[in-house]
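Below you'll find the structure, written out as structure tokens, and then a few comments.
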2 protein chains.
Amino acid sequence: MNHWRDNVRTMVPYVPGEQPQEGGIIKLNTNENPYPPAPGVAEAIRNMDADRLRLYPDPSSTALKRALADRYGVGEDQIFIGVGSDDVLSMSFLTFFNSKKPILFPDITYSFYDVWADLYRIPYLVRPLTGDFRLRREDYYIVNGGIVFPNPNAPTGLCEGLDLIEDILAHNPDVVVIVDEAYIDFAGRGKSAAVLIPKYENLLVVQTFSKSRSLAGMRIGFAMGSPALIAALNDVRNSFNSYTMSRAAQEIGTASVLDETYFQETAAKVIRTREQAKKDLAELGFVFPDSSSNFIFASHPRVPAKVLFQELKQRHIYVRYFDKPRINHYLRITIGTDEQMAALKKALAEIIAEQA
Amino acid sequence: MNHWRDNVRTMVPYVPGEQPQEGGIIKLNTNENPYPPAPGVAEAIRNMDADRLRLYPDPSSTALKRALADRYGVGEDQIFIGVGSDDVLSMSFLTFFNSKKPILFPDITYSFYDVWADLYRIPYLVRPLTGDFRLRREDYYIVNGGIVFPNPNAPTGLCEGLDLIEDILAHNPDVVVIVDEAYIDFAGRGKSAAVLIPKYENLLVVQTFSKSRSLAGMRIGFAMGSPALIAALNDVRNSFNSYTMSRAAQEIGTASVLDETYFQETAAKVIRTREQAKKDLAELGFVFPDSSSNFIFASHPRVPAKVLFQELKQRHIYVRYFDKPRINHYLRITIGTDEQMAALKKALAEIIAEQA
């Protein structure tokens, strides 16, 4: 009896950051945007027609795709849309990583990559970052079945230059290279690998509405690449679920993309607060890689990260702590509002004074 | 060059029914509900807080899960929620069908099953329905890696009794048996296999908000089963995407479940119209299995289904036609409002008069 258990795919799932449901918390643990989405989003909600929800959504998300294609200067056949960038990345693993050769990604990176590889039984090889958390381009010259890395990287916040990305692409014409740009909008202009798409048919650039567009709650991500890559992704997606994007997601997502001014202003505000937070953290003795994202990956030479994490939580400030080799001396602190960061600074100063 | 194409998973995707974006069409082709969702849905939209969309949703969809558990009399640990029942079924294939033995499903059935089996490289064996489109229980006594069938079946609309389902379960304690109940709410009371869950740990019952709850546009489906099955599904889901259900889907879905009266009334209205449509179609000479769903699978002895399909489309009435062996003499006609069905009847009478 119970032999059905023998055929169950047993997984050790990814563990997301805590999502406390109670209020009164300063939530700097899951890289959400402290500012609301574009005003057009509230308007899209006001205009949402409950009666129309009885109908299936447009399976191609045409309006959202068109808005993205216009915004990013690519063809509509170069955009793939999914339920957050996790869905887009997971579908990309399933679609493109079918070689018997291992795929490559850094040892310190988004913790979902090895989970997806396990889920789809894709062989993989981790390539350690340098001591200062940099990607070493030569590590990606070896024979492989595909490459994926975030840029800026998570949880380090470091952004590699386009020359490194192009070098990796030039050395890997026979596999798909995925650049996971969840945080690119906080890196300043001219950093996205999207400019390389016309030159490299095997480049997939993945972005999300969850961070810079303040829409983590709506689950919208997208990929840009050559029409050939996007067509393959769509075929797999359509073999999985014809209608992944709800009418609400399509309407809200489109409203967000159409307000470029708000988007730029919000990203600029987060960047300004981040630069101030770097000064404040340095003042308290923290060391950290120079973040290009909406978080700072910081370590204190005298107070263990785990203690800081727990003490902050006592004070109702949530940050992220990873109990993993090489990064267990660090906290990943999301950039909040100026007020939230001031409260964080005050709390950290107190804790350090008590502990050190 | 271009060897990256060698490792692309090449799929022949499922083709959903047409979703014409223009108005003025009588849309009876994708089994949507002709009535709007519960009034609480419009209220949930009015109450939706755009600012909160910056935050990730509750990854466990606790409120929606609680509402479903209460409604269906199971534990919260017996409910799995996904992006439509396609997402739930696809995740279930990935989670439970990992045997080298073939899974079994009927030859005439929901056309996504073989697509998912191909996607995940699951061996399968189709078991032909009888000449009158019935499931033969003995066909499911052979050694297998899992069983899945819709009840009521699509596109036939026929509902098998609980005795047949329990017999199949009793013969298959060592594999997971999935009963796909997308249309069960149109079958009348006491037909859902959910009552067998306490007795069979290997039974998974899948339902959807797309049909009886008039929420195809929001993409919500769910499964009920033993805590062991649900835990395995959640682990795989969490290995794929931590946050599949948006805040909008959670809030709207919960509002729908909480209005039981509206739900019952709407299902009853569709059933009444269906019974009238059976009389009307019989009057026009159609033959059809006795549908327990929100569609009728009808064939005319003198006018080919393909001609009827095309002629109806000329008259802006969309129905579904499957150009496949054994079912290419049939139209699948979704039950609309009484007015829509009267217009359909009139159009069919004209076409038959012209063609016959």
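The values are calculated or read from the model by the stated rules, or taken from the named source; none is laboratory data. It should be emphasised that the depicted structure is a prediction, and the values quoted were computed from it without experimental measurement. Don't worry about glycine lacking a Cβ; one is built from the backbone with ideal geometry, like all the others, and counts go over all protein chains shown. The area values use the complete protein model at the heavy-atom level, side chains included, leaving out ligands, DNA and RNA. Shrake-Rupley method; radii C 1.70, N 1.55, O 1.52, S 1.80 Å.
Some points to look at:
- Flag for A:ASN144 being surrounded by 24 or more Cβ atoms within 10 Å (Cβ to Cβ) and either in a loop (DSSP other than H, G, I, E, B) or hydroxyl-bearing (Ser, Thr, Tyr) (or both): no
- Residue within the stretch A:191-199 that is open to solvent by less than 10 Å² (accessible area, probe 1.4 Å) and either part of a strand (DSSP E or B) or modelled with pLDDT under 95 (or both) present: no
- Candidate set: the stretch B:68-85, residues that are open to solvent by less than 10 Å² (accessible area, probe 1.4 Å) and in a helix (DSSP H, G or I); chosen: the one nearest to the other protein chains (Cβ to nearest Cβ): B:GLY84
- For the stretch A:41-52, the tally of residues that are more than 7 Å from every other protein chain (Cβ to nearest Cβ) and open to solvent by 20 Å² or more (accessible area, probe 1.4 Å) stands at 4.
- Single condition B:ASP6 does not satisfy, out of (1) farther than 24 Å from B:SER242 by Cα; (2) open to solvent by 20 Å² or more (accessible area, probe 1.4 Å); (3) facing chain A (nearest Cβ under 7 Å): (3)
- Per-region count, the stretch B:58-67, residues assigned to a helix (DSSP H, G or I) and crowded, with 23+ Cβ neighbours inside 10 Å: 2
- Top-ranked residue of the stretch A:268-277 - restricted to ones that are open to solvent by less than 20 Å² (accessible area, probe 1.4 Å) and in contact with a Phe, Trp or Tyr (Cβ under 9 Å, 6 or more places away or on another chain), ranked as farthest from A:GLU32 (Cα to Cα): A:ARG274
- Residues of the stretch A:178-222 that are more than 14 Å from every other protein chain (Cβ to nearest Cβ) and small (Gly, Ala, Ser): A:ALA187, A:GLY188, A:GLY190, A:SER192, A:ALA193, A:ALA194.
- In the stretch A:100-109, the condition of being open to solvent by less than 40 Å² (accessible area, probe 1.4 Å), in contact with a helix residue (DSSP H, G or I) (Cβ under 7 Å, 6 or more places away or on another chain), within 14 Å of chain B (Cβ to nearest Cβ) and of a type in the set (Phe, Trp, Tyr) is met by no residue.
- The residue that is farthest from the chain's Cα centre (by Cα), among those in the stretch B:16-54 that are in a loop (DSSP other than H, G, I, E, B) and without any contact (Cβ under 8 Å) to a residue 40 or more places away in the chain, is B:ASP49.
- When A:ALA231 is tested against (1) open to solvent by 20 Å² or more (accessible area, probe 1.4 Å); (2) in contact with a Lys or Arg (Cβ under 7 Å, 6 or more places away or on another chain), just one condition goes unmet, and that condition is (2).
- None of A:ILE26, A:ILE108 is of a type in the set (Val, Ile, Thr) and under 30 Å from A:GLU339 (Cα atoms) except A:ILE26.
- Checked against (1) free of Cβ contacts under 8 Å to residues at least 40 places away in the same chain; (2) crowded, with 24+ Cβ neighbours inside 10 Å; (3) outside any helix (DSSP H, G or I), B:ILE122 passes all but a single condition, namely (2).
- Matching residues in the stretch A:12-39 - criterion: being open to solvent by less than 20 Å² (accessible area, probe 1.4 Å) and touching a helix residue (DSSP H, G or I) at 6+ places or on another chain (Cβ under 6 Å): A:GLU32, A:ASN33, A:PRO37, A:ALA38
- Lone unmet requirement of (1) in contact with a Ser or Thr (Cβ under 7 Å, 6 or more places away or on another chain); (2) open to solvent by 10 Å² or more (accessible area, probe 1.4 Å); (3) within 8 Å of chain B (Cβ to nearest Cβ) for A:LEU55: (1)
- Residues that are over 16 Å from B:ASN151 (Cα atoms) and charged (D, E, K, R) were ranked within the stretch B:187-214; the one that is nearest to the chain's Cα centre (by Cα) is B:ARG213.
- Some residue of the stretch B:161-177 being part of a loop (DSSP other than H, G, I, E, B), surrounded by fewer than 22 Cβ atoms within 10 Å (Cβ to Cβ) and more than 14 Å from every other protein chain (Cβ to nearest Cβ): yes
- Residue, nearest to A:LYS211 (Cα to Cα), within the stretch A:304-352, restricted to residues that are at pLDDT below 95 and open to solvent by less than 40 Å² (accessible area, probe 1.4 Å): A:PHE322
- Options B:THR156, B:THR95: the member that is in a loop (DSSP other than H, G, I, E, B), open to solvent by less than 10 Å² (accessible area, probe 1.4 Å) and either touching a residue at least 60 places away in the same chain (Cβ under 8 Å) or basic (Lys, Arg) (or both): B:THR156
- Count of the stretch B:287-303 residues, restricted to those that are surrounded by 18 or more Cβ atoms within 10 Å (Cβ to Cβ), under 18 Å from B:ALA353 (Cα atoms) and of a type in the set (Val, Ile, Thr), is 1.
- B:ASP114 open to solvent by less than 10 Å² (accessible area, probe 1.4 Å) and not in a strand (DSSP E or B): no
- Set side by side, the residues B:GLU251, B:GLU265, B:GLU283 differ, and just one is under 30 Å from A:ARG219 (Cβ atoms), open to solvent by 40 Å² or more (accessible area, probe 1.4 Å) and acidic (Asp, Glu), which is B:GLU251.
- Helices (runs of 4 or more DSSP H) contained entirely in the stretch B:237-314, each with at least 2 residues that are closer than 19 Å to B:VAL88 by Cβ, within 14 Å of another protein chain (Cβ to nearest Cβ) and touching a helix residue (DSSP H, G or I) at 6+ places or on another chain (Cβ under 6 Å): B:247-258
- So B:PHE112, is it modelled with pLDDT under 95 and closer than 30 Å to A:ARG121 by Cα: yes
- Residue in the stretch A:134-145 that is of a type outside the set (A, V, I, L, M) and under 19 Å from the mean Cα position of the chain (by Cα) present: yes
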